[in-house]
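What follows is a set of notes on a single structure, which appears directly below.
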Amino acid sequence: MKKKKYFLLLIGFFLLISILVTLSLGSVRVPFGLTFKIILNQLPFLEFEQVWLDTQESIVVDLRLPRVFVAVIIGGMLATAGVAFQGVLRNPLADPYILGISSGAAVGAAAAILLVTTAGTFLARIAVPLFAFTGAILSLLLVFALAWRRKRDPVTMILAGVVIQSFLGAILSFAVTISGDKLRSIVFWMMGSLVSTGWSDFIFLLPYFLIGFLLIMGFYRNLNILSLGEQAAEHLGMNVERIKVLVLAAASLLTASAVSVVGIIGFVGLIVPHMIRIIIGPDHKILIPASCLAGAVFLLWSDTLARTIIPAMEIPIGVITALAGAPFFGYLLKKRV
């Protein structure tokens with residue numbers, strides 16, 4: 001257990017270093033030492049002699065820092081949701097993206113944008129995550145309904161998720177086609193991007209992250225018991241269906257709120273929990289926070305790659321995660337079949 005806690009601290013330290021390093025990377029390079037001083041200079045009790053340009057400080061503090069924090073919280077949300085789905089469904093292939101939950105959330109977000117375009121910004125800010133959450137829950141119910149006769153066999157659930165994802169993707173494409181300029185931003189939800197994210201997005205996401213993470217973390221013992229099988233869990237006195245509903249709802253909340261801000265980013269909830277489980281084992285007490293931190297690191301570097309791999313051009317972050325995740329998913333699927 002002590003080694004696992006050290007591993008948790010190691011990931012946390014690597015995340016901190018990653019934040020500082022990625023702040024210095026971009027189309028305009030800011031030396032690492034200078035970036036470190038600029039960040040420390042923002043603290044009220046520290047002040048350095050300014051040896052950097054105002055434009056460099058603006059790039060680091062106003063443009064990159066909020067985007068980095070949004071990438072960190074989104075990565076943590078998606079990885080935590082992935083742990084929850086895999087734990088409840090006892091399926092290492094389960095992931096909000098593969099099961100169509102992300103697509104359901106995106107359709108809900110699109111519906112909210114279409115319906116509240118004439119409403120105020122505040123109402124839109126409330127409606128988008130609410131509709132996204134509803135879409136996520138409905139898509140999850142559809143996956144369960146399609147896979148029910150096979151008693152939620154892992155491969156059957158994946159196939160059901162692919163069906164739902166394809167159908168909802170078609171709805172999104174149709175919405176973009178008929179919407180004109182009103183819904184052009186739906187393309188953003190289909191590809192996933194952190195462009196134009198700021199402090200307001202981080203503040204918006206923070207309560208959803210805390211609620212979802214703390215709920216899932218609070219059920220770590222139940223998730224450990226569920227890994228023994230539903231029948232064994234019931235014999236131990238656990239209300240299996242109630243726990244599953246609460247955990248899946250919390251995971252859907254994390255997914256929906258993330259999608260409502262940055263769009264569909266796939267495979268984070270598949271790759272990260274699976275790799276962390278291989279390293280530290282299946283104990284959810286450590287697995288959940290470790291996956292959360294590792295997910296933050298993974299998405300942070302994916303976003304950095306997305307904005308730096310091609311000079312003067314940015315590619316959608318969903319492309320980077322798909323290039324990493326699709327082969328990994330194929331490998332896992334081949335092992336299962």
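Note on Tyr220, Tyr97: ascending count of other Cβ atoms within 10 Å places them as Tyr220, Tyr97, the fewest first. Helix 101-115 and the longest principal axis of the C-alpha atoms of the chain enclose an angle of approximately 70°. Listed by chain and number, the aspartates and glutamates whose alpha-carbon sits under 17 Å from that of Lys244, ignoring those within fewer than 8 places in the same chain, are Asp95, Asp153, Glu230, Glu234.
Relative intensity of the range 209-337 on a log10 scale, I(q)/I(0) at q = 0.15, 0.21, 0.22, 0.23 Å⁻¹, equals -0.84, -1.34, -1.39, -1.42, per a Debye sum over C-alpha point scatterers of equal strength in the absence of solvent.
A Förster distance of 51 Å, applied to the separation of the beta-carbon atoms of Lys334 and Gln50, puts the FRET efficiency at 0.35. Computed over neighbours whose Cβ is under 14 Å from that of Thr80, the net charge equals +1, Lys and Arg +1, Asp and Glu -1. Direction-averaged shadow area of the convex hull around the Cα atoms of the range 2-336, nm²? Averaged projected area of the range 2-336's Cα convex hull equals 18.9 nm².
Once each of the trypsin sites (Lys or Arg not before Pro) sitting in a DSSP loop with at most 14 other beta-carbon atoms within 10 Å is removed, the chain keeps 185-337 as its longest stretch.
For the range 283-337, the fraction of C-alpha pairs more than 13 angstrom apart is 68%.
Label sites at Ser196 and Ile126, each approximated as a point 7 angstrom past Cα along Cα to Cβ, lie 2.4 nm apart. Compared with the dominant Cα axis of the chain, that is its longest principal axis, helix 121-147 is turned about 30°. Relative to the longest principal axis of the Cα atoms of the chain, helix 199-218 runs at roughly 40 degrees. Counting Lys and Arg as +1 and Asp and Glu as -1 over every other residue whose Cβ lies under 15 Å from the Cβ of Arg242, the net charge comes to -1. Calculated from the alpha-carbon coordinates, the range 62-108 shows an Rg and a Dmax of 13.2, 42 Å respectively. Within the listed set Val143, Val268, Val51, the residue fluctuating most in the Gaussian network model of the chain (springs between alpha-carbon atoms under 10 angstrom) is Val51. Considering only the other residues whose Cβ falls under 9 Å of the Cβ of Gly198, what net charge follows from Lys and Arg at +1 and Asp and Glu at -1? Value of the local net charge: -1. For the range 234-337, GluC sites (Glu not before Pro) are listed when DSSP marks them as loop and at most 10 other Cβ atoms sit within 10 Å of their Cβ; the list is empty. Applying the criteria of a DSSP loop state and at most 10 other Cβ atoms within 10 Å to the GluC sites (Glu not before Pro) of the range 1-100 yields Glu47, Glu49. Under 11 Å from a point 7 Å along the Cα-to-Cβ line of Val61: which residues of the range 21-46 have their amide N that close? Inside the label zone: 38-44.
Decide, for the range 1-127, between rounded, prolate and oblate: order the square roots of the alpha carbon gyration tensor eigenvalues as a ≥ b ≥ c, take rounded if a/c falls under 1.5, and otherwise choose prolate if a/b is larger than b/c, else oblate. Judged from the Cα gyration tensor, the range 1-127 comes out oblate (a/c at least 1.5, b/c at or above a/b).
A short reminder: the numbers here are calculations on the coordinates, not readings from a lab. Every value quoted in this text rests on a predicted model; they were computed, and no experiment measured them. For neighbour counting, all protein chains shown are included, and Cβ atoms are generated from backbone atoms with ideal geometry for every residue, glycine included.
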